[in-house]
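The values are calculated or read from the model by the stated rules, or taken from the named source; none is laboratory data. As the structure is a computational prediction, the values presented were derived from the model and not from experiment. Using ideal geometry, Cβ is built from the backbone for each residue, glycine included, and neighbour counts are taken over all protein chains shown.
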Amino acid sequence: MTQSNLKMHYDAIIIGSGTCGATIARELCKQNKKVLILERGATLPLKESLLGIGALANEVPVSGKLKDMRALATGGTSSLYFAVATPPPIDTFKSLGIDLTKEYKEALEELPIDYLPDELLGPQSLKLRDSARELGYDWYNQLMFVDQSKCKSGYTYESKWKAKDYVDDAIKDGATIINKAEVTKVITDNKKAIGVEYKLKKKTKSKKFELCKVFGDKIILTAGVLASPIILRNSGVKNVGDRGFYVDPNLVYFGLIPGLKSEKTFVGAMKADLEEDLALGDVNVIKSFYRLIMLSLLKPRHFFSYSNSIGIGVKVSEPLGGKFLDNGQFQKEFSKDVYKKLDKGSEDALKILKNAGAKHIIKGPMNVTGIGGLLRINEHIDNNLQTEFENLYVCDRSFIPDTFRDPPTLTLVCLAKYLANHLLSSNES
Ligand SMILES: Cc1cc2nc3c(=O)[nH]c(=O)nc-3n(C[C@H](O)[C@H](O)[C@H](O)COP(=O)(O)OP(=O)(O)OC[C@H]3O[C@@H](n4cnc5c(N)ncnc54)[C@H](O)[C@@H]3O)c2cc1C
């Protein structure tokens, strides 16, 4: 490893180009700020094929054998997300001194967010809905980040909003992006963040990485919940993850209904809340995701029967706990209550599948729907999202209050706009 310093000085250095990083970069560049984005992954061609997902997806163990998934690439995890657009918990944030009202309004005007009509939902999703409603479940539609004008003949990957679009806007407005740049720590001086240290991947045989430094006025950490807490800890921020974390487990069940004619559909577009901490959802994933699951379960009959497949998921919200270890690993054991809840949800899920006429029902692997709760507003960060180090800010799922367990992307867009507004207004004063 050799060392090199970028001579350039930036108004803002943004670590990670996912939903938060991309949104902040775009907002700052619109106001002519000199922005550098350091992105650990490459700029990959975005595709939802088996190979495309394989190239994007990166799994991180978060509790025993359970893994959380992220995408290490320009645009981050939005490259493989489902595009559910749950509104932000405005009142919860207000009680913490963060008013997202303006940013939420702006996001709704800017992004393609709406409910999907039945014509855009696959036969398997409609079958699941009808069965659930027939049994009395409140199976409701969710808002989705989908540009319906790009869905002339049903589902398309292109119709889902992705953070990569915002990265492209920022670059058009002057942002610089360095790919394959893995930030390891923030450089601080006298309780102030002044720069960033990163490993730049090299292609030469003689050295794999070059160690680099770059300096800027504001350092904005948006590396995602699986990376930001580690970088903060390496940079000297105290008590990160001191009260543990939550990592909501889920189970999926798939069955086969002869003649169903299942097709690509928008997974997650519908769900039912059974109890405050127990929900069921549509998990009718696209063919490549489905086949990856069946491959991992060694289920050849199901692997070749996507067109007859129907799927339902069970999700439990579990309490904070576990350990965020010194080596950056996440360790947690679930309580008996969590397993009881999963059993309770499974009974309902199976009832709905059977009522829909599903046969050959199989249980998928237990998985997680995302980790969170490692940082706390007004404790690890203030209500301008600044850490104990002046000029070091965080924006990602790490600090979303643990009372909000829904898909976070729309909330993250609002928080990123909120932080950008704060940075721009404090710069002017
Ligand atoms: C399969 C799946 C489906 C999902 N579906 C939905 C959904 O329907 N709706 C919803 O709201 N949410 C969904 N989510 C969750 C959502 O996608 C993420 O919570 C959200 O994208 C996180 O945004 P972020 O900006 O915090 O992080 P990310 O999007 O993960 O971005 C972080 C970026 O930082 C980069 N990075 C990481 N470490 C470093 C480092 N050391 N140095 C430099 N760069 C680094 C990464 O490469 C990445 O580009 C889903 C997640 C998954 C896995």
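The conditions of being touching a residue at least 12 places away in the same chain (Cβ under 8 Å), in a loop (DSSP other than H, G, I, E, B) and within 14 Å of the chain's Cα centre (by Cα) are met by Thr86. Taking the criterion of being within 16 Å of the ligand (Cβ to nearest atom) and either within 11 Å of Ile362 (Cβ to Cβ) or not in a helix (DSSP H, G or I) (or both), the residues of the range 285-294 that qualify are Val285, Ile286, Ile293.
Go through the range 343-419 and tell me which strands (runs of 3 or more DSSP E), entirely inside it, have 3 or more residues that are among the β-branched types (Val, Ile, Thr).
In the range 343-419, 367-372 are the strands (runs of 3 or more DSSP E) which contain 3 or more residues that are among the β-branched types (Val, Ile, Thr).
In the set (1) buried (at least 18 other Cβ atoms within 10 Å of the Cβ); (2) away from the ligand (no atom under 13 Å from the Cβ); (3) of a type in the set (Lys, Arg), the condition left unmet by Lys180 is number (2). Here is the figure for the range 54-83: residues that are in a helix (DSSP H, G or I) and surrounded by 20 or more Cβ atoms within 10 Å (Cβ to Cβ) total 5. Would you confirm whether or not the range 205-216 contains a residue that is touching a helix residue (DSSP H, G or I) at 6+ places or on another chain (Cβ under 7 Å) and within 13 Å of the ligand (Cβ to nearest atom)? No, that holds for no residue. Note on the range 42-67: residues that are touching a Phe, Trp or Tyr at 6+ places or on another chain (Cβ under 8 Å) and of a type outside the set (Val, Ile, Thr) total 5.
For the residues Lys332, Lys351, the requirement of being more than 28 Å from Ala71 (Cα to Cα) and away from the ligand (no atom under 16 Å from the Cβ) singles out Lys351.
Scanning the range 306-319 for residues that are over 19 Å from the mean Cα position of the chain (by Cα) and within 25 Å of Leu342 (Cα to Cα) turns up Ser309, Ile310, Gly311, Ile312, Pro319. Identify all residues within the range 295-316 that are at pLDDT 95 or above and not in a strand (DSSP E or B); write none if there are none. Within the range 295-316, Leu298, Lys299, Pro300, Arg301, His302, Phe303, Phe304, Ser305, Tyr306, Ser307, Asn308 meet the criteria. Among the residues of the range 27-44, is any modelled with pLDDT of 95 or more and either within 30 Å of Gly281 (Cα to Cα) or assigned by TED's automatic domain parsing to the domain that holds Asp147 (or both)? For the range 27-44, residues modelled with pLDDT of 95 or more and either within 30 Å of Gly281 (Cα to Cα) or assigned by TED's automatic domain parsing to the domain that holds Asp147 (or both): absent. Counting only helices (runs of 4 or more DSSP H) that fall entirely inside the range 98-210 and contain at least 3 residues that are farther than 30 Å from Gly52 by Cα and in contact (Cβ under 8 Å) with a residue 24 or more places away in the chain, the qualifying elements are 101-110, 123-134.
Is there a residue in the range 98-112 that is out of contact with any Pro (no Cβ under 8 Å at 6 or more places or on another chain), crowded, with 20+ Cβ neighbours inside 10 Å and within 28 Å of Ala73 (Cα to Cα)? Checked against the condition, which is being out of contact with any Pro (no Cβ under 8 Å at 6 or more places or on another chain), crowded, with 20+ Cβ neighbours inside 10 Å and within 28 Å of Ala73 (Cα to Cα), the range 98-112 yields at least one hit. Within the range 52-83, being among the charged types (D, E, K, R) and either in contact (Cβ under 8 Å) with a residue 60 or more places away in the chain or within 13 Å of the ligand (Cβ to nearest atom) (or both) holds for Glu59, Lys67, Asp68, Arg70. Leu350 fulfils the conditions (1) within 16 Å of Leu128 (Cβ to Cβ); (2) buried (at least 21 other Cβ atoms within 10 Å of the Cβ); (3) in contact with a Phe, Trp or Tyr (Cβ under 7 Å, 6 or more places away or on another chain) except for a single criterion, (2). Looking across the range 12-42, the residues that are near the ligand (Cβ under 10 Å from one of its atoms) and either in a loop (DSSP other than H, G, I, E, B) or more than 20 Å from Thr409 (Cβ to Cβ) (or both) come down to Gly16, Ser17, Gly18, Leu38, Arg40, Gly41, Ala42.
Selection of the range 212-236 for residues being surrounded by fewer than 22 Cβ atoms within 10 Å (Cβ to Cβ) and more than 27 Å from Val368 (Cα to Cα) yields Cys212, Lys213, Phe215, Asp217, Gly236. Taking residues in the range 354-379 that are on the phi < 0 side of the Ramachandran plot and of a type in the set (D, E, K, R), and partners anywhere that are surrounded by fewer than 18 Cβ atoms within 10 Å (Cβ to Cβ) and assigned to a helix (DSSP H, G or I), the pairs with Cβ atoms closer than 9 Å and at least 6 places apart or on different chains are Lys363/Leu297; Lys363/Ser346.
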